[in-house]
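Asks: Below you'll find the structure I mean.
Bear in mind these aren't lab numbers, they're just calculated from the coordinates by the rules spelled out. Keep in mind that this is a model prediction, so the values were computed, not measured. Methodologically, a virtual Cβ is constructed for each residue, glycine included, from the backbone with ideal geometry; neighbour enumeration extends over all protein chains shown.
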Amino acid sequence: MRTIEPWVTEPLERFLQESQARLVLLTTSSGQVVAQHGFSRSLDVMAASSLGAGIMASTGAIADLMGSSGFGTIVHEGTRQSLILAAIDTPRGRWLGLVVFGRETTVGLVQLFWNVLARELLARMPATVNAPPKRAETFERDLDASLRSLFGR
Amino acid sequence: MKPNFEGALEQLTRVRGVRGAVVVDAQDGIALAGALRDGEDGDALAALAGAVMMRLVRGSDAAGLGPARLVYLRGDDGLLCAAPFGGTLLIAVLADRSANLGLVRLALLDAVGGLAA
């Protein structure tokens with residue numbers, strides 16, 4: 001596992017152990033990668049991060065059209081692997097989680113432990129952070145900077 | 001015809017000491033129906049009971065015991081009973097530690113028998 005913010009490591013490791021998920025990617029909504037597990041190439045993280053943010057944005061737009069306040073979680077069930085995209089609203093803005101899991105676990109278990117992880121992250125999140133506010137326009141730059149930190153390129 | 005999950009669950013919750021019961025799709029660990037006391041988490045019960053049951057069913061089959069008909073776990077604060085039916089479905093029952101296991105077992109097997117019929 002690789003994390004930009006060390007306080008995330010322990011709850012995320014516990015989530016991985018309990019949920020038996022294969023891949024996890026935790027990002028801010030502006031594209032900064034907070035932590036990842038299971039990805040071996042920065043290119044994959046970049047693609048997954050961008051696609052995840054895009055899916056959440058487009059389903060948010062659908063929710064607007066439906067007059068709903070938004071979708072907190074999106075589940076895609078595949079035949080061999082499935083995917084959960086979930087948002088956590090934090091004092092530092094919205095974080096997005098992308099979790100890939102196989103048939104060794106279930107969508108119910110992954111969702112259950114994701115909810116536990118979300119509560120733990122909110123409880124442990126440092127109150128202040130000395131970083132400028134993130135904007136959609138800086139998505140690519142933020143993503144690239146966090147990938148350099150994670151993969152050392 | 002839609003199975004009468006609610007009727008089966010209501011019968012189970014009439015047993016003294018039962019805190020709730022859920023019908024679970026064990027493959028997904030998701031509750032299809034539930035009857036629970038206030039404060040009981042049906043989604044958590046469904047996810048955990050589904051995971052435990054699927055593993056035990058596979059394990060008992062692999063050990064040559066045949067498919068499991070009923071599983072129960074007794075903890076310090078309660079009792080969890082689960083029984084599969086209809087392929088990948090199961091009923092999970094959460095009860096107080098003081099509940100009569102024999103009565104819970106009987107009601108559970110009755111409920112899954114009725115739904116499987």
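Asks: With +1 on each Lys and Arg Cβ and -1 on each Asp and Glu Cβ, how big is the dipole of chain B about its Cα centre, in debye rounded to the nearest 20?
Replies: It comes to approximately 400 debye.
Asks: Helix by helix, which DSSP H runs in chain B go 20 Å or more along their axis at the Cα atoms and have an average Kyte-Doolittle hydropathy of 1.0 or more?
Replies: Values: long enough: B:42-62 (29 Å, 0.78); B:101-116 (22 Å, 1.71).
Span-like helices, by this rule, are B:101-116.
Asks: Where nothing but the Cβ of Lys and Arg (+1) and of Asp and Glu (-1) is charged, how large is the charge dipole of chain A around its Cα centre, in debye to the nearest 20? Write down the numbers at each step before the final one.
Replies: Working: 15 positive and 14 negative charges, 46 e Å.
About 220 debye.
Asks: Additional query: How large is the helix-only mean residue ellipticity at 222 nm for chain A, computed as the sum of -39500 (n - 2.57) over DSSP H runs with n ≥ 4, divided by its residue count, in deg cm²/dmol to the nearest 500?
Replies: Calculated mean residue ellipticity at 222 nm is -14500 deg cm²/dmol.
Asks: Sticking with this structure for a sec: Percentage of Cα-Cα pair distances in chain B greater than 17 Å, rounded to whole percent?
Replies: Pairs farther apart than 17 Å: 50 percent.
Asks: Taking the Cα centre of segment B:65-117 as the origin, how large is its charge dipole in debye, to the nearest 20, when only Lys and Arg (+1) and Asp and Glu (-1) carry charge on their Cβ atoms?
Replies: Details: 4 positive and 4 negative charges, 32 e Å.
It comes to approximately 160 debye.
Asks: Across peptide A:99-109, what mean number of C-beta atoms from other chains lies inside 10 Å of a residue's C-beta?
Replies: Other-chain Cβ atoms within 10 Å of each residue's Cβ, averaged: 5.
Asks: Over segment A:2-125, what portion of Cα pair distances is larger than 25 Å, expressed as a whole percent?
Replies: 18
Asks: Please report, in whole Å³, the volume per residue of the convex hull around the C-alpha atoms of the protein assembly as shown.
Replies: Details: hull volume 45.4 nm³, N = 270.
Enclosed volume per residue, from the Cα hull, is 168 Å³.
Asks: Right, next: Checking understanding here: applying a Kyte-Doolittle mean of at least 0.0 and a length along the axis of at least 27 Å (C-alpha), which whole DSSP H helices in chain A pass?
Replies: Helices passing the filter in chain A: A:42-66.
Asks: Measure out, as a whole number of angstrom, how far apart the alpha-carbon centroids of segment A:74-131 and segment B:36-63 sit.
Replies: Centre-to-centre (Cα) distance: 21 Å.
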